[in-house]
Amino acid sequence: MVDRVTAKLEKNGKRYEIEVDCEKAMDIKEGRSEDVDSALLVEKVFKDIKKGEVAGNLQKELGTDDIRKLALKIIKEGEVQLSTAYKQKKSEMLKKRIVDKIAGMAIDLNTNLPIPKQRIEIAMQQVHHNFDINKPEKDQFEEVLIKLKKILPIKLGEFNYSIDVPIQYANDAMLYLKRLTNIKDSTRNDNSLVVNFSVKAGNENELLSKLKSITHGNLNIKKI
């Protein structure tokens, strides 16, 4: 479904407007794409798109009359109207990133165990945070955490471990360690791999389960 919005550029007291697909235009504006053919919905530049008034003298005023070059210029240098659907989608993506980040580090103050992501999601419904795509993600992360602390015994943290894995399982083990942990140091010899690492609280159970599965329980692991 096409999400039609207007992109506009004001220059030297004049306005230049084009009709674009909101998400595809924002992909261009934010550097994720240069696909102007997909973003541009009408191959015309308007001075007033609502009235259907087409802009003239584009070569003289903007240095080109190539519609694709003009569209890129207007999108990149001007303003893209954000549709309600686009803002809702981006807000949900922002919410998911923040929830995932908190869930990855959340520890229950009462048990010192990781708090399940589902419990975080249920608590999020209770705090009613309005995720604002125009506000820094870091600031909203802190705001959400403050709200969650009012209804959950929560702190953020990570655990330090040392593991000794038989050499035949070393490569597979390292794949998960690199994905889920912060490796501090590692040593490898003909018989085993020893790794010291820290893991976020929310990833601890998944990591330990994977390592035990890979090695069939044949490993030495110590929390330090």
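Where a number appears in this text, it was derived from the coordinates with a stated rule and is not lab data. Since we're looking at a predicted model, the values are computed, not measured. Neighbour counts run over all protein chains shown; Cβ positions are idealised from the backbone, glycine included.
Restricting to Cα pairs below 8 Å that are 6+ residues apart, what does the relative contact order work out to for region 4-80? Please round to a whole percent.
After rounding, I find 37 percent.
So what's the back-of-envelope 222 nm ellipticity for the chain, counting only DSSP H runs of four-plus at -39500 (n - 2.57) apiece and dividing by all residues, rounded to 500?
Only helices count here, giving -13000 deg cm²/dmol.
Counting only GluC sites (Glu not before Pro) that sit in a DSSP loop (anything but H, G, I, E, B) with at most 13 other Cβ atoms within 10 Å, what is the longest stretch of the chain containing none of them?
44-224
With a sphere of radius 14 Å drawn around the Cβ of Met174, what net charge do the other residues whose Cβ falls strictly inside it have (Lys, Arg +1; Asp, Glu -1)?
Around Met174, the surrounding residues sum to +2.
For region 46-203, just say rounded, prolate or oblate: build the C-alpha gyration tensor, square-root its eigenvalues into a ≥ b ≥ c, call rounded for a/c under 1.5, and beyond that prolate if a/b exceeds b/c, oblate if not.
oblate
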